[in-house]
Amino acid sequence: MGQAEADAASRAILSGWVTQGPEVAAFEREFAAVVGAPHACAVSNCTTGLHLALLAVGVGPGDEVITVSHSFIATANVIRHCGAVPVFVDIEAPGYNLDPALLGGAVSPRTKAILAVHQVGMPCDLRAILEFARPRGLPVVEDAACAIGSEILWDGRWEKIGRPHGDVACFSFHPRKLVSTGDGGMITTANAAWDQKFRLWRQHGMSVPDTVRHGSKQVVFEDYVEVGFNYRLTDVQAAMGREQLKRLPAMIARRREQAARYRELLTGIAGLGLPTEPAWARTNWQSFGVRLPAGAKQRGVMQALLDAGISTRRGVMCSHREPAYAKAPWRAGSTLVESERAQDEVVILPLFHDMAEADQVRVADALKAALAT
């Protein structure tokens, strides 16, 4: 973020309208245009967006939702927020997304939906997932938290994640993401009725939005027609997000250059696994994770890099390993061996828009030294 975002926040503050208002509406229109979605609804974060998406497709108490354990814990938590049970399936090796071949072993009479994750921005195999889901009448919700700007080859054309190709897609604007509003989220869908539900639910189930009530020349008394939530995005955040969207094409182009440079620098390290894109996917390279050679200790390698002044992160977590899910109900539709391996063997290297090539060389050299000890 820079001066443009600071000026945008100031514009919203000085306008006198700082909650969900005209900046949010403009951000929604602009986001929908960027990803090619008929409808985009801004919310307070991706977790709340996923919660509303699951409610819209009919997930409720006692239902089951098929997803991956190998994801930030919010993916599993939103299923529990609906009173439903997560059913975890393993990921593909050497990738990090849901393995569609395992869906058949996870489905049951209680299955209500599939929650597919585009992990660290890499598109999952949506076509295979949809080919499984559609004949069974199962809606597909896309956890696209990390995937703004990522693309999938669809019927011969490159299309943005969020079009959506499933039923609903949800994005995050947390600071780790390419587009950030400090925190925030967006829901995209082609279903106009669901979009209206999202807008109702995000504002307490209020029948008349603030923008309409405050702009009316007549006295308006609102009703609260359903039990809703306070899942709104502020105009200050949306104003920042509008500036961030303008930077997105340049950021993605830069990250693709940086990812290619990392591959050049790291190719040749014996046993090191580098991330790859399927022929039908273009990631935004939100993260660049490497799989350590056999025998290398993840914590030791990360500590050696930290001692050299280089911050890294471990592979994506597995929700079923967390204390919360020692008590919360879940089941597995397959073994979760690949999910656990990815958490234990992957190290996520620094990658950000303004990272200099000299910094990438420094990271590569430090990683080589850590693996040589």
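The values are calculated or read from the model by the stated rules, or taken from the named source; none is laboratory data. Please read all numbers here as calculations on a predicted model, not as lab measurements. When we count neighbours, we look across all protein chains shown, and the Cβ atoms used for this are built from the backbone with ideal geometry, even at glycine.
Here are some conditions: (1) under 19 Å from the mean Cα position of the chain (by Cα); (2) at pLDDT below 95. Ala281 meets all but one. Which one does it not meet?
(2)
Of all the residues that make up the stretch 203-259, how many are charged (D, E, K, R), part of a helix (DSSP H, G or I) and more than 22 Å from Glu151 (Cβ to Cβ)? Reasoning before the result, please.
Applying the first criterion (charged (D, E, K, R)) to the stretch 203-259 yields 210, 213, 217, 222-223, 226, 232, 235, 242-243, 246-247, 254-257.
Restricting the remaining residues to those that are part of a helix (DSSP H, G or I) gives 210, 213, 235, 242-243, 246-247, 254-257.
Those left that are additionally more than 22 Å from Glu151 (Cβ to Cβ): 210, 213, 235, 243.
Residues in the stretch 203-259 being charged (D, E, K, R), part of a helix (DSSP H, G or I) and more than 22 Å from Glu151 (Cβ to Cβ): 4 in total.
Give just the number: which of (1) in a helix (DSSP H, G or I); (2) of a type in the set (Asp, Glu); (3) within 23 Å of Met1 (Cβ to Cβ); (4) out of contact with any Asp or Glu (no Cβ under 9 Å at 6 or more places or on another chain) does Asp183 not satisfy?
Just one mismatch for Asp183, condition (1).
Any residue in the stretch 189-217 that is not assigned by TED's automatic domain parsing to the domain that holds Ile161 sitting within a Cβ distance under 9 Å of a residue that is of a type outside the set (Ser, Thr, Tyr) and modelled with pLDDT of 95 or more? List the pairs, counting only those 6 or more apart or interchain.
Matching pairs, first to second residue: none at all.
Would you pick out the residues in the stretch 183-205 that are within 19 Å of the chain's Cα centre (by Cα), among the small types (Gly, Ala, Ser) and surrounded by fewer than 21 Cβ atoms within 10 Å (Cβ to Cβ)?
Across the stretch 183-205, the qualifying residue is only Ala190.
Of everything in the stretch 157-176, what is more than 16 Å from Pro38 (Cβ to Cβ) and at pLDDT 95 or above? Give them in sequence order.
Once the filter is applied, which keeps residues that are more than 16 Å from Pro38 (Cβ to Cβ) and at pLDDT 95 or above, the stretch 157-176 yields Arg157, Trp158, Ser172, Phe173, His174.
Does Arg29 satisfy being over 25 Å from Trp280 (Cβ atoms), of a type in the set (Lys, Arg), in a helix (DSSP H, G or I) and outside the structural domain of Arg255 (by TED's automatic domain parsing)?
It is true that Arg29 is over 25 Å from Trp280 (Cβ atoms), of a type in the set (Lys, Arg), in a helix (DSSP H, G or I) and outside the structural domain of Arg255 (by TED's automatic domain parsing).
Where residues in the stretch 1-26 are in contact (Cβ under 8 Å) with a residue 40 or more places away in the chain and outside any helix (DSSP H, G or I), which of them is farthest from Arg213 (Cα to Cα)?
Residue satisfying both the conditions and the ranking: Met1.
Can you pull out the residues in the stretch 45-64 that are of a type outside the set (Gly, Ala, Ser), buried (at least 22 other Cβ atoms within 10 Å of the Cβ) and either part of a helix (DSSP H, G or I) or not assigned by TED's automatic domain parsing to the domain that holds Trp194 (or both)?
Cys46, Thr47, Thr48, Leu50, His51, Leu52, Leu54
Of the residues Val208, Val225, Val219, Val236, which is surrounded by 12 or more Cβ atoms within 10 Å (Cβ to Cβ) and either at pLDDT below 95 or acidic (Asp, Glu) (or both)?
Values: Val225 fails: surrounded by 12 or more Cβ atoms within 10 Å (Cβ to Cβ); Val219 fails: surrounded by 12 or more Cβ atoms within 10 Å (Cβ to Cβ); Val236 fails: either at pLDDT below 95 or acidic (Asp, Glu) (or both).
Criteria check complete, one pass: Val208.
How many of the residues in the stretch 129-168 are in contact with a helix residue (DSSP H, G or I) (Cβ under 8 Å, 6 or more places away or on another chain) and among the basic types (Lys, Arg)?
Final tally of qualifying residues: 2.
Can you tell me which of (1) over 14 Å from the mean Cα position of the chain (by Cα); (2) in contact (Cβ under 8 Å) with a residue 60 or more places away in the chain is the one Ala76 doesn't meet?
Result: Ala76 passes all but (1).
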